[in-house]
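Below you'll find the structure, written out as structure tokens, and then a few comments.
All of the numbers you see were taken from the coordinates with simple rules; none came from a lab. Remember, it's a predicted structure, so these values are computed and weren't measured experimentally. Methodologically, a virtual Cβ is constructed for each residue, glycine included, from the backbone with ideal geometry; neighbour enumeration extends over all protein chains shown.
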Amino acid sequence: MTSAVVFDGAAVEAAVSPARAVDAVRDAFIAHARGEWQMPPKVYVTNYPAGDFRAMPALGGGHALLKWVTSFPGNPARGLPTVTGVVLVSDASNGQLRAVLDAAAVTALRTGAAAVLAAEALGRSDASSAAVIGTGVNGRAAARTFVARGRDVMLWDVDPARAQQAASELGASVAPSREAALGADLLVTVTPGHEVLLTDGTLRVGQHVSLMGADGPGKAEASDGELLRARLFADDWEQASHGGELAHAVEAGLVHEETVTQLGAVLAGTAEGRRSADDITAFDSTGLAIQDLAIALAALERAGELDLPRLDL
């Protein structure tokens, strides 16, 4: 009989702090860049415009992972979460299931970690202001991670009350306007991606933006013209070119693989990041199974300290 520990959302958050998540995700990016961790392509099962289902496998650190997760942007209006699903972690030496984790909590932690990790790696060394646009679950995770890293962060949302509530909960501030948030040295956008937020000429010289919202076909937070003003980075070229922020520019023949640098290569020291203080840098995040595996393994490190239920199979 196989027995696996079960982490609900609260247990995932108790096991993995935002600061620990950044370190775990950084290590995963580097391991993948070095070929030490494997990640077959993400599979989308789409039911647009309602939403989509995603199956995401990975292998690394002596474990194998499968994440089955949904994204239904209209769910909050129905009183339902946008993201639901499970993360399954097995021992890679014998195939035995070791853990079942709440996918929404894992996703939020790794999304916040990736957004801030990219900002720290690609932003100017003298960057003084940070902002997050969009204060849903993943936007809050990014803001919480900025705060955990000791950085003041402004929040903006189309719903001012939601931005105020998030700011109060996280120890952040509310941006006086959308334009003020858009002007931050380190910008993270976590919108549904149904409307372009960064139109031509929006970004300032020297800015960095982590584009987190366009994680599926048909979504975009930045115009093609704005992408072409920036030095482009992605978590994974294959995913970004087919279902990420870059996809529309790739389809139009404006962006090509040789002009996009993978963040893992920058972190591993095998590719160049920011070249000058004047660079505009843009990071396209589509969400990787290796990031989920990193968070899951970090949670498993703390399993013995938590009173967790078990699933017997």
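Could you list, in sequence order, the residues of the range 90-118 that are outside any helix (DSSP H, G or I) and within 18 Å of D52 (Cα to Cα)? The one that is outside any helix (DSSP H, G or I) and within 18 Å of D52 (Cα to Cα): D102. Whenever a residue of the range 50-65 is closer than 18 Å to A4 by Cα and touching a residue at least 40 places away in the same chain (Cβ under 8 Å), its partners that are of a type in the set (A, V, I, L, M, F, W, C) and in a strand (DSSP E or B), lying with C-beta atoms within less than 7 angstrom and at least six residues away or across chains, give the pairs H63/V89; L65/A58; L65/V87; L65/L88; L65/V89.
Scanning the range 257-299 for residues that are in a helix (DSSP H, G or I), surrounded by fewer than 19 Cβ atoms within 10 Å (Cβ to Cβ) and in contact (Cβ under 8 Å) with a residue 24 or more places away in the chain yields T259, A265, A268. Any residue at all in the range 31-39 that's assigned to a strand (DSSP E or B) and without any contact (Cβ under 8 Å) to a residue 40 or more places away in the chain? Yes - at least one qualifying residue is present in the range 31-39. Can you pull out the residues in the range 208-256 that are without any contact (Cβ under 8 Å) to a residue 24 or more places away in the chain and closer than 25 Å to S276 by Cβ? Matches in the range 208-256: H256 only. Output the residues belonging to the range 44-89 that are small (G, A, S) and assigned to a loop (DSSP other than H, G, I, E, B). Result: A50, G61, G62, G74, G79.
Answer yes if at least one residue in the range 16-25 is of a type in the set (K, R) and in a helix (DSSP H, G or I), and no otherwise. Yes, the range 16-25 contains at least one residue that is of a type in the set (K, R) and in a helix (DSSP H, G or I). Given the options R140, R144, R162, name the one that is in a helix (DSSP H, G or I), under 17 Å from the mean Cα position of the chain (by Cα) and free of Cβ contacts under 8 Å to residues at least 40 places away in the same chain. Checking each option against the conditions leaves just R140. Considering V260, V209, V255, the condition of being within 19 Å of D157 (Cβ to Cβ) and in contact with a helix residue (DSSP H, G or I) (Cβ under 9 Å, 6 or more places away or on another chain) is satisfied by V209 alone.
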